Amino acid sequence: MPPSRPRIYQAWSLRDLVYRVADAAAIVAGLMVAVRLTRAQVGEPLVTAAAAAIILHYLVAVANGMYRSWRTVSAEREILCTLATWVLTCPLLFGAGALAGYAPDFPVRLLLAWGFAGAAAVMSLRMILRTILRTLWARGYRVRRFAIVGVNQLGFELAKSIEASPELGLKLAGFYDDRPGSRLPPIPAGLGARGGDLKDLLEATRQGQVDTIYLTFPMRAEGRIRGILEQLSDTTASVYIVPDFFVFELLHSRWTNINGLPAVSVFESPFYGIDGLVKRGLDLVVSSVILALAALPMMLIALAVKLSSPGPVFFRQRRYGLDGREIEVWKFRTMRVCEDGPVVKQATKDDSRVTRVGAFLRRSSLDELPQLFNVLEGSMSLVGPRPHATTHNEAFRKLVRGYMLRHKVKPGMTGLAQVNGCRGETETVQKMRQRVQYDHRYIRDWSLAMDIQILLQTVPAILSGKNAY
């Protein structure tokens, strides 16, 4: 029989069990509150519904990663994922109830009350548990002493990150490295001290002074890592390898698992799972509201475009969308030409091709309003890297490193680059490079709060009219 392949498993803990039990209790509590508010009758259908809700919520939560460690994740993100998990569970539960013939037993007011009460319960209990855990860790409950093997920049960054999060319940025992002190960089003041070489670490571990060890050597030092691991195997300490992925230009890096084998993404989109659903929901709601409010102004703009110069009302141009797939972006026509071929000249200041109505539309960015239809159909988002003409993409992808990575997300009507002044013509490679840097930063650091902030900052950016021509 061939030897079994080593696998890497997700760690389970008592905390995971507490979270699962707490979710089940919150769901039942939400149902009881709904029953009390609506004065519904308690019977077998309610018991069945509660059991089904717990099971479905558990399945959705596992799929969304709700039972992973939230130690280093913001409270905002945790509460958002908790709410999204319950929101996804509700239609599944109600649909299953309808198929099973339980719908007549549940009045609409009870379902609505359970939906709201359940959301409040799961979020409140999650925040209570979060507060309790962080308070215990910050006060030293079950503090674990850790050591860092490797006096290097990665080790310093790791120590700073852990020090900035006392709720992790970790205390630094020291840095350890076999190299002579003359070859080691100085340890930043206040960060810790060198505890010695590997022999000193082994002795400290055997005496129970170190519980966890982090190896921060570069990935190229495989032989050195193997030798250290062989020696550490004679201890009972938990050992982790911290890969120096920061040497690469990571674009929303995350771990994944392929049939038991771990892999880390270098270039990846942030919009997977709950995050993708949340962003899509924001796009649909906000774009629908804006379209409803702008319907009459858009009709007036269309009339003005048609009467001001010969040609179509809308201008459609091929641009790159998600994953570099070609899409058609809609705009109100602002020029006397509709270029969409192998040569597309960017608009310049006082461009003779721009009509009088078009000049006003471009300064006010009203020509972009038809892209709300692109957002509704799903080819664009409200916030994201601005799409460029296909011919410009093909030119700049050869000149700007990582240019095509901006297409790991849907293009947006506005973006981080635009609210930071990178609008208008990109007549130099440096201007495009700066825009791409902002696009990469958006993908790396995305959050729902960032999208909302960019949308709010777009209004003054438009009113300023800077580089809009």
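Suppose R0 equals 41 Å; then what is the FRET efficiency for Ala98 and Ala302 from their Cβ-Cβ distance, rounded to the nearest 0.05?
0.40
Can you check how the C-alpha radius of gyration of region 144-247 compares to 2.2 N^0.38 Å, as a plain ratio?
Cα Rg divided by the expected 2.2 N^0.38 Å: 0.99.
Quick one: which residues, 5+ away or cross-chain, put their amide H under 5 Å from the amide H of Arg194? H built at 1.01 Å from N.
Here the answer is Phe175, since their amide H atoms fall under 5 Å of that of Arg194.
What residues qualify as long-range amide H neighbours of Phe314, i.e. H under 5 Å apart, gap of 5 or more or another chain, H built at 1.01 Å from N?
Excluding prolines and chain starts, which carry no amide H, the hits are Arg333.
Take the Cα atoms of region 274-464, find their three principal axes, and give me the spread along each one in whole Å, biggest first.
45, 38, 31
Hey, which of these cross-link pairs are over 23 Å Cα-Cα: Lys410/Lys431; Lys160/Lys408; Lys306/Lys331?
In this structure, Lys160/Lys408 exceed 23 Å between Cα atoms.
Ile213's amide H: which non-local residues (gap 5+, or another chain) put their own amide H closer than 5 Å, with H modeled 1.01 Å from N in plane and none for Pro or chain starts?
Residues meeting the criterion, in which the H sits 1.01 Å from N, are Ala147, Ser238, Val239, Tyr240.
Mind giving me the nanometre distance, one decimal, between the label points for Ala449 and Glu157, set 7 Å out from Cα along Cα→Cβ?
For the pair Ala449/Glu157, the computed spacing is 2.2 nm.
Compute the distribution of all C-alpha to C-alpha distances in region 15-74, in bins of 5 Å from 0, and list the percent of pairs in each, rounded to whole numbers.
In whole percents, the pair-distance histogram is 4, 17, 23, 21, 14, 10, 7, 3, 1.
Given a Förster radius of 35 Å and the C-beta distance between Val242 and Leu456 as r, what FRET efficiency does 1/(1 + (r/R0)^6) yield to the nearest 0.05?
0.40
Would you calculate the separation in nanometres between label points at Arg144 and Val21, each defined as 7 Å from the Cα along the Cα-to-beta-carbon direction?
With each label placed 7 Å out from Cα toward Cβ, I get 2.1 nm.
Between Met32 and Met127, with labels modelled 7 Å along Cα→Cβ, what's the label distance in nm to one decimal, could you check?
The answer from the label model is 2.1 nm.
Please report, for the Cα atoms of region 14-138, the Rg to one decimal and the Dmax as a whole number; what are they, in angstrom?
Expressed in Å, the Cα Rg and Dmax of region 14-138 come to 14.9, 50.
Per-residue HN-Hα couplings for region 364-379, Karplus 6.51 cos²θ - 1.76 cosθ + 1.60 at θ = phi - 60°, whole Hz, x for Gly and Pro?
8, 6, 5, 5, 8, 3, x, 5, 4, 5, 4, 5, 5, 6, x, 7
Short version: ³J(HN,Hα) in whole Hz for each residue of region 405-422, in order, from phi by Karplus 6.51 cos²θ - 1.76 cosθ + 1.60 (θ = phi - 60°), x for Gly and Pro, what are they?
Per residue, the Karplus-derived 3J(HN,Hα) values read 5, 5, 8, 6, 10, 5, x, x, 6, 9, x, 4, 5, 5, 6, 9, x, 8 Hz.
We did not get these values from a lab; they are worked out from the coordinates using the rules stated. Just so you know, these numbers come straight off a predicted model, no measurement behind them. Ideal geometry is used to build each Cβ from the backbone, glycine not excepted, and the neighbour counts take in all protein chains shown.
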